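Throughout, read-outs are computed from the coordinates displayed, never taken from laboratory work. Please read all numbers here as calculations on a predicted model, not as lab measurements. Positions of Cβ are backbone-derived with ideal geometry, glycine not excepted, and every protein chain shown enters the neighbour counts.
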Amino acid sequence: METTVEMTKNEQFRFFADMIPQLVWFTDPTGFHTYFNQRWIDFTGYTLADSVGPDMWNNLLHPDDRAHAREVWGRSLATGDFYEIEYRFKSSTDDYRWFLGQAQPQFDENGQIQQWYGTCTDIHEQKMTELALRKREQELEQAYADLEVKVTFRNLELEREVQELRKKLESNSKLA
């Protein structure tokens, strides 16, 4: 009877883990991956066997994100602190998408990490919007700076013209 109940719990968990929109993963205390949900497999194109080991991370993480990801994950493994990072993963179609990676350790009664539970949430559209807004902000700042320079030079020109007109007025008033 317990086996049937356990199977039902496992089936329920797998159904739930495969249903949610996140990529779900578990590791042992050392950071070695022990589980990935179906969404991970579908997104990456990697089988469960392909998804273990350091090569997987080097192949899937964007080259610009690898060093930072190793540093943040290493710090969390060493300290047991909550893991959170934004990075890009390569999909099965070779496109990179932005994800928010998060993981929480499970501790035993002695305070030792037993397992890490993690998710990767697709934030690509949000990140693209953020990058587009940042680019537009920089363009507007540059346009403002350019306009400020133009206004400054135009003011100098106008001041020069006013001075010339004053000189003409003064010379005309002396003649009259």
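Numbers below:
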| read-out | value |
| --- | --- |
| Global form of segment 2-122, assessed from the alpha-carbon gyration tensor, a/c cut-off 1.5 | oblate |
| Extended-chain gain in nm, criterion 0.36 nm per residue less alpha-carbon gap, Glu141 and Phe107 | 7.4 nm |
| Förster-model FRET efficiency, 45 Å R0, Leu131 and Lys9, C-beta, rounded to 0.05 | 0.60 |
| Rounded Å value of the spacing that divides the Cα centres of segment 76-94 and segment 26-40 | 12 |
| Ordering of 20-26, 42-48 by burial proxy (mean other Cβ atoms within 10 Å per residue, highest first) | 20-26, 42-48 |
| Using a Förster distance of 41 Å, the FRET efficiency for His68-Val151 (Cβ separation, nearest 0.05) | 0.45 |
| Helix-only mean residue ellipticity at 222 nm for the chain, each DSSP H run of n ≥ 4 adding -39500 (n - 2.57), per residue, nearest 500 | -19000 deg cm²/dmol |
| Interchain or long-range residues, amide H under 5 Å from Tyr96's placed H | Ser91 |
| Crossing angle, helix 124-175 versus the chain [Cα axis fit, 0-90 degrees, rounded to tens] | 10 |
| In degrees, nearest ten, helix 2-19 long axis to first principal axis of the chain (Cα) | 20 |
| C-alpha long axis of helix 66-79 to longest principal axis of the chain, angle in ° | 60 |
| Charged-residue dipole, Cβ positions (Lys, Arg, Asp, Glu), segment 2-122 about Cα centre, Debye nearest 20 | 180 |
